[in-house]
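One structure below.
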Amino acid sequence: MGNVEEFIRANKRVWEFIENSRIGIPRLTRIHGHMYELVSSIFRASVSFTRELVSKIPSLSHLPRASLLGLHAVMYQYITLVLDLVREDTTTEERYLAEVLGMSVDDLRNCLLETFKLVTQHMERATRWDYYREACSAYWKRGALLPHLGALLINTSENPPEPAPRPICVNALVPWILGVIRDLTTGSIGAGAIGILGASIGRGKTTTIYYTLRTILYSLNPTPGKTSSRAPGVSEEIDELVSKLILLDAEDFLDTLQALSDLGVKAPILVVDNASVLFPKQWIKYGGTLHKFFLNMNTVIDLLRGVCGAVIFVANAPGELASFIRNTATLNISGREETGIKTYSVTVYTWKRPTLRIRSGEETVRMKEKIASVYAYPLLKLPQEIYKKDLQVKVEIIKRKTLEATKTLREKRDLTPS
């Protein structure tokens, strides 16, 4: 019950952040949505640019994958990472890029620094705007930032730089969660939505969620207070709150819902890790008591917004969750491993959303797939204490489920005629 009590206290503090936010929640949602769309547009430009480069210089065939590493860095890393990279020797890729863009390698690296600042510090905080506008126009418009940055990271793969995640990251989850909170704070007391994050084990799901929630809390309450030694610029309180908003053991979800219902309060944020353990996709095949359990939970999920705002279920494989959760979700993000990137373990998370197209008087809606986030290890790691707690919970789940499976097998053997 300790985890549930900590969760309730943490969400009470989150409500205080929301009520005292210096920036209005609607404006905050727009800012983060704009940042995500900006990064997405840079990636789209980089795709065309790297195709052109590879057609001209086949030896640069690794640059499209390098762009994914660059995209991760733009989404999550501090400027200190870039400063370390440009201290290294000039690379072959940089010489080719400089030649194609018609500039010197020194200018190329200056553009890397300036455009990285422009994206990660947002428009009004960017420096030397006139320099960016004139000297780095082609670099910016063609999305050269991502393959350039990624290629530098690949060249340090034998000795990867120290991770330096920013207090505020950029991914599709951040504006989605803020959008739900916006609805809660603008009079829609019934507001709430379900999201799903699915990927195989060890692909950075919990890490992605951790830095997403840290961004939400830091955006709502940007005053650092006592700074964490492991996360410069982020208060110790925010680090502690984030860890309490993630239910690492999915079975704590049931006690948490009961507590919220008894107290008559609504949690703005709830993350259920390892959710596919409690809600497997094969649920319809279960009979007896378990079937009744799943039918009851089907009803609970349908009415979940009565006690929760943004709820994210983390599944241990894409599509692994029970259908009654998948069918209710308004955000479904799936991750897959990206191979061929030396040393780094990279997971690309994608999501689909409907877009309206009008042609010759006909209106059609189609699902458009976009990159939601990119995880790269060892550039992004969970804080050590959360990692250890997560591992401990997984071991306890393994022990519990193994005992249940063993008991079931033995009972079946006892009932089978010899």
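Which is assigned by TED's automatic domain parsing to the domain that holds P64 and crowded, with 24+ Cβ neighbours inside 10 Å, of L145, L197?
Matching residue, one of L145, L197: L145.
Which one of these does S55 not meet: (1) assigned to a helix (DSSP H, G or I); (2) within 30 Å of A267 (Cα to Cα); (3) not hydrophobic (A, V, I, L, M, F, W, C)?
All conditions pass for S55, except number (2).
Taking the condition surrounded by 17 or more Cβ atoms within 10 Å (Cβ to Cβ) and part of a helix (DSSP H, G or I), does S67 pass? First the steps, then the outcome.
Numbers: surrounded by 17 or more Cβ atoms within 10 Å (Cβ to Cβ): yes; part of a helix (DSSP H, G or I): yes.
It is true that S67 is surrounded by 17 or more Cβ atoms within 10 Å (Cβ to Cβ) and part of a helix (DSSP H, G or I).
Has the stretch 336-343 got any residue that is over 27 Å from P160 (Cβ atoms) and at pLDDT 90 or above?
no
Could you say whether any residue in the stretch 69-87 is more than 22 Å from P165 (Cβ to Cβ) and modelled with pLDDT of 90 or more?
The answer is no; no qualifying residue exists.
Would you be able to say whether some residue in the stretch 159-168 is crowded, with 23+ Cβ neighbours inside 10 Å and of a type in the set (K, R)?
yes
What's the number of the only condition in (1) farther than 16 Å from H72 by Cα; (2) among the basic types (K, R); (3) under 23 Å from the mean Cα position of the chain (by Cα) that R22 fails to meet?
Every listed condition holds for R22 apart from (3).
Kindly indicate whether any position in the stretch 109-123 is modelled with pLDDT of 85 or more, over 26 Å from the mean Cα position of the chain (by Cα), surrounded by fewer than 21 Cβ atoms within 10 Å (Cβ to Cβ) and part of a loop (DSSP other than H, G, I, E, B).
no
Against the condition of a type in the set (S, T, Y) and modelled with pLDDT of 95 or more, how does T212 come out, does it pass?
yes
Tally up the residues in the stretch 181-211 that are under 16 Å from the mean Cα position of the chain (by Cα) and either outside any loop (DSSP other than H, G, I, E, B) or of a type outside the set (K, R) (or both), please.
Result for the stretch 181-211: 17.
Considering the stretch 363-400 alone, what residues qualify as being closer than 19 Å to L173 by Cα and of a type in the set (A, V, I, L, M)?
The answer is M367, I371, A372, V374, A376, L380, L382.
Please indicate, with yes or no, whether at least one residue in the stretch 43-62 is acidic (D, E), surrounded by 15 or more Cβ atoms within 10 Å (Cβ to Cβ) and farther than 18 Å from K370 by Cβ.
No.
Filter the stretch 70-93 for residues that are in a helix (DSSP H, G or I) and surrounded by fewer than 20 Cβ atoms within 10 Å (Cβ to Cβ); which is farthest from the chain's Cα centre (by Cα)? Reasoning before the result, please.
Keep residues of the stretch 70-93 that are in a helix (DSSP H, G or I), which gives 70-76, 79-85, 92-93.
Filter again for surrounded by fewer than 20 Cβ atoms within 10 Å (Cβ to Cβ), leaving 79-80, 83-84, 92.
Numbers: I79: 20, T80: 21, L83: 25, D84: 25, T92: 32 Å.
Ranking the candidates gives T92 first.
Examine the stretch 303-321 for a residue that is of a type in the set (G, A, S), under 26 Å from R182 (Cα atoms) and out of contact with any strand residue (DSSP E or B) (no Cβ under 9 Å at 6 or more places or on another chain), and state whether such a residue exists.
Yes, that holds for at least one residue.
Of the conditions (1) out of contact with any Pro (no Cβ under 7 Å at 6 or more places or on another chain); (2) surrounded by fewer than 22 Cβ atoms within 10 Å (Cβ to Cβ); (3) in contact (Cβ under 8 Å) with a residue 12 or more places away in the chain, L153 fails just one. Which one is it?
L153 satisfies all of (1) out of contact with any Pro (no Cβ under 7 Å at 6 or more places or on another chain); (2) surrounded by fewer than 22 Cβ atoms within 10 Å (Cβ to Cβ); (3) in contact (Cβ under 8 Å) with a residue 12 or more places away in the chain except (2).
Has the stretch 287-306 got at least one residue that is crowded, with 21+ Cβ neighbours inside 10 Å and among the small types (G, A, S)?
Taking every residue of the stretch 287-306 in turn, none turns out to be crowded, with 21+ Cβ neighbours inside 10 Å and among the small types (G, A, S).
Just the residues that are in contact with a helix residue (DSSP H, G or I) (Cβ under 8 Å, 6 or more places away or on another chain) and β-branched (V, I, T), please, taken from the stretch 281-301.
Hits for the stretch 281-301 are I284, V300, I301.
Within the stretch 372-396, restricting attention to residues that are exposed (fewer than 15 other Cβ atoms within 10 Å of the Cβ) and acidic (D, E), which residue is farthest from the chain's Cα centre (by Cα)?
The selected residue is E396.
When you scan the stretch 14-29, how many residues do you find that are surrounded by 16 or more Cβ atoms within 10 Å (Cβ to Cβ) and basic (K, R)?
0
The values are calculated or read from the model by the stated rules, or taken from the named source; none is laboratory data. In this text the structure is predicted, and so the values were computed from the model without any measurement. Backbone-built Cβ (ideal geometry, glycine too); neighbour counts: all protein chains shown.
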